[in-house]
Amino acid sequence: MEKLINEFSIGLFFWMLVLFVALVFLLRKFAWKPILDAVETRESGIENALKAAENAKLEMQNLQADNERLLQEARAEREAMLKDARELKAKMIADAEEDAQAKANKMIEQAQAAIEGEKKAAMAELKNHVATLSLEIAEKVVRDELSSKDKQMELVESMLVDAKLN
Amino acid sequence: MHRFLGHYYLSDMQNIFSLKTICLLFVFVTTFSFAKETKAEAGENDIKTEIKEYIDHHLLDSYDFSLFSYTKDNGEHVYVGFPLPVILWDDGLKVFSSSKLKHGETVAEVGGNYYKSYHGKIYKTDAEGTITYDEAHHPTNVKPLDFSITKNVFTILIVGLLMFLMFGSMAKSYKNGALPKGMGRFLEPIVLYIRDDIAIPNIGKKHYKRYMSFLLTIFFFIWIVNLLGLTPLGVNVTNNIAVTLALALLTFLITNFTANKSYWGHIFWMPGVPKLMRIVLAPIELLGIFIKPFSLLIRLYANITAGHIVLMSIIGMMFIFKNWIGSSLSFGLAFALSLLELLVAALQAYIFTMLSALYFGQAVEEHDDH
């Protein structure tokens, strides 16, 4: 302790105090203040930029959500439209089929009626033909049969025979 | 006084002190083992006393900036360096060059008065330079008030100038953009560290700006000065009790002049304890105001001085051993210790700044509860 007091130098203490206080004030004016201010400005700048980026990100997310929703809606609408169209198509096909069936049926009926008529006409004509033909044949046969006396006699006789039998 | 200082600076400095103790023990062990061989050698005691004197001399301040000295064959001491101005107040201002003192070898005659330097101090003497001693071998001559620009003052000036240039140029580099250029790239993280990890956590966001100039200056000042002490220039500013006292005094003054009501309230009339305890606590707390900065000055002084003594002793050991095992061992030890001292240089600056910030924080703390 005594050695410490002996070693203590007032001059050094005085200069140290004066020089250090001067150094603190000088550095405060020319170094610390500008340095700390610059750093603070930079930090607040960085913070603001980060905040802005965060906001932009949020906005972007909102925008994306909106887009997604719009897309979803559009998809649903298209789906509905497609469904309607499909139904319409089926209905149209069904209608057309029904129509065609009805027409076909009608045509078939008409055809059948026409065929029936034709058939009757043809039958009537056939009958006439057959009657005429048989009369002609019968005339020819009779004429042929009755061309000679003998034959006439023979016929009469055979008829008589038949008649007798009856 | 030493006793209650003990737990203040030993508690956080124990590690470094114990490391130094281990190094010292190692040195002693090696000294004993080699003692047998070297004892017989002539002139060994001369070297030992010379080393001891050299260390003592190194730890003292000096009136000139001597880089090294050697002794010629004819016994003449040659000092390489340059003189510094001596400023005395002895019935008027006396200014003369330290070259007149010739390292205490001659008497300087200035304006009819005679001065002689003896063990790093200037005494007033007669024309022959006689110094009278008391029983304890202390000079009884008159010591004039000494405001000389000594080696330490000169170093402080140089460090101040260096810091001004370094940080001035760093501040200027911000004008061209948000990022510093050159030296600022290295210094900015340290400045930010002091702001974000020392000032703000200890003092608080509200008040820290007032103390930043002091904290930054004191950190870089102690650090640079400690580092300079490790160079072969042989300057050692922070192992002067006057320097550490001046620094601690500033911490003390700033703490007490910026303190708020709550701080004084906690010292003189501690809230939340019984009335009788408050009366008992007041003198203890009052003593604490002085002990806190006192621990600062002793801690810095003791650490740097111890480091210098141990390091120089080990370097001196190389010349005592004079054999390749001992000397190279000493060299290795000195090298390892130098690395440790590099750490201590930064650590002491950090601790001084940290504790100053802590005291400032206590002074401006606002207590809502209790």
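Structure summary
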| quantity | calculated |
| --- | --- |
| All strands (runs of 3 or more DSSP E) inside the range B:78-133 with 1 or more residues being within 14 Å of chain A (Cβ to nearest Cβ) and of a type outside the set (Ser, Thr, Tyr) | B:85-89, B:93-97, B:121-125 |
| Some residue of the range B:246-261 being in contact with a helix residue (DSSP H, G or I) (Cβ under 6 Å, 6 or more places away or on another chain), within 22 Å of B:His58 (Cα to Cα) and part of a helix (DSSP H, G or I) | yes |
| Conditions (1) touching a residue at least 24 places away in the same chain (Cβ under 8 Å); (2) over 28 Å from B:Ile156 (Cβ atoms): number failed by B:Asn74 | (1) |
| Residues (at pLDDT below 80 and aliphatic (A, V, I, L, M)) located in the range B:24-54 | B:Leu24, B:Leu25, B:Val27, B:Val29, B:Ala35, B:Ala40, B:Ala42, B:Ile47 |
| Candidates B:Thr231, B:Thr244, B:Thr255, B:Thr217, filtered to the one that is within 14 Å of B:Phe360 (Cα to Cα) and under 25 Å from the mean Cα position of the chain (by Cα) | B:Thr255 |
| So A:Ala85, is it surrounded by 10 or more Cβ atoms within 10 Å (Cβ to Cβ), away from chain B (no Cβ under 14 Å), out of contact with any strand residue (DSSP E or B) (no Cβ under 7 Å at 6 or more places or on another chain) and assigned to a helix (DSSP H, G or I) | yes |
| Qualifying residues in the range A:49-81 (those that are of a type in the set (Gly, Ala, Ser) and under 30 Å from B:Ala178 (Cα atoms)) - the one farthest from the chain's Cα centre (by Cα) | A:Ala49 |
| Lone unmet requirement of (1) within 26 Å of B:Gly120 (Cα to Cα); (2) at the interface with chain A (Cβ under 7 Å from one of its Cβ atoms) for B:His137 | (2) |
| Selected residue (only one of B:Ser98, B:Ser148 is closer than 12 Å to B:Phe65 by Cα and either in contact with a Phe, Trp or Tyr (Cβ under 8 Å, 6 or more places away or on another chain) or aliphatic (A, V, I, L, M) (or both)) | B:Ser98 |
| Selection within the range A:18-31 - farther than 19 Å from B:Asn236 by Cβ and surrounded by fewer than 22 Cβ atoms within 10 Å (Cβ to Cβ) | A:Val18, A:Val21, A:Ala22, A:Val24, A:Phe25, A:Leu26, A:Arg28, A:Lys29, A:Phe30 |
| Residue that is farthest from B:Gly229 (Cα to Cα) [pool: residues in the range B:348-368 that are loosely packed, with under 14 Cβ neighbours inside 10 Å and in contact (Cβ under 8 Å) with a residue 60 or more places away in the chain] | B:His367 |
| Cross-chain or 6+ apart pairs with Cβ under 9 Å, the range A:36-48 first and at the interface with chain B (Cβ under 8 Å from one of its Cβ atoms), then small (Gly, Ala, Ser) and not in a helix (DSSP H, G or I) | A:Ala38/B:Ala178; A:Val39/B:Ala178; A:Thr41/B:Ala178; A:Arg42/B:Ala178; A:Gly45/B:Ala178 |
| Residue in the range B:283-293 that is buried (at least 20 other Cβ atoms within 10 Å of the Cβ) and within 25 Å of B:Met212 (Cβ to Cβ) present | yes |
| Search result, residues across the range B:338-370 that are over 18 Å from the mean Cα position of the chain (by Cα) and under 24 Å from B:Ser313 (Cβ atoms) | B:Leu339 |
| Residue match in the range B:196-203 (condition: among the charged types (D, E, K, R), within 11 Å of another protein chain (Cβ to nearest Cβ) and in a helix (DSSP H, G or I)) | yes |
| Failed criterion for B:Gly307 (all others in (1) touching a Lys or Arg at 6+ places or on another chain (Cβ under 8 Å); (2) surrounded by fewer than 19 Cβ atoms within 10 Å (Cβ to Cβ) hold) | (2) |
| Single residue of the range B:225-244 satisfying the filter (surrounded by fewer than 20 Cβ atoms within 10 Å (Cβ to Cβ) and in a helix (DSSP H, G or I)) that is nearest to the other protein chains (Cβ to nearest Cβ) | B:Leu228 |
| Breaking point among (1) buried (at least 21 other Cβ atoms within 10 Å of the Cβ); (2) in contact with a Phe, Trp or Tyr (Cβ under 6 Å, 6 or more places away or on another chain), for B:Ala345 | (2) |
| Test result for B:Glu105, at negative phi and modelled with pLDDT under 80 | yes |
| In the range B:142-162, the residues that are buried (at least 19 other Cβ atoms within 10 Å of the Cβ) and facing chain A (nearest Cβ under 9 Å) | B:Asp146, B:Phe147, B:Ser148, B:Ile149, B:Thr150, B:Asn152, B:Val153, B:Ile156, B:Val159, B:Gly160 |
| Some residue of the range B:312-322 being surrounded by fewer than 18 Cβ atoms within 10 Å (Cβ to Cβ), out of contact with any helix residue (DSSP H, G or I) (no Cβ under 6 Å at 6 or more places or on another chain) and within 14 Å of another protein chain (Cβ to nearest Cβ) | no |
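The values are calculated or read from the model by the stated rules, or taken from the named source; none is laboratory data. Here the structure is a predicted model, which is why all the values come from computation and not from measurement. Note that each Cβ is placed from the backbone with ideal geometry, even for glycine, and that neighbours are counted across all protein chains shown.
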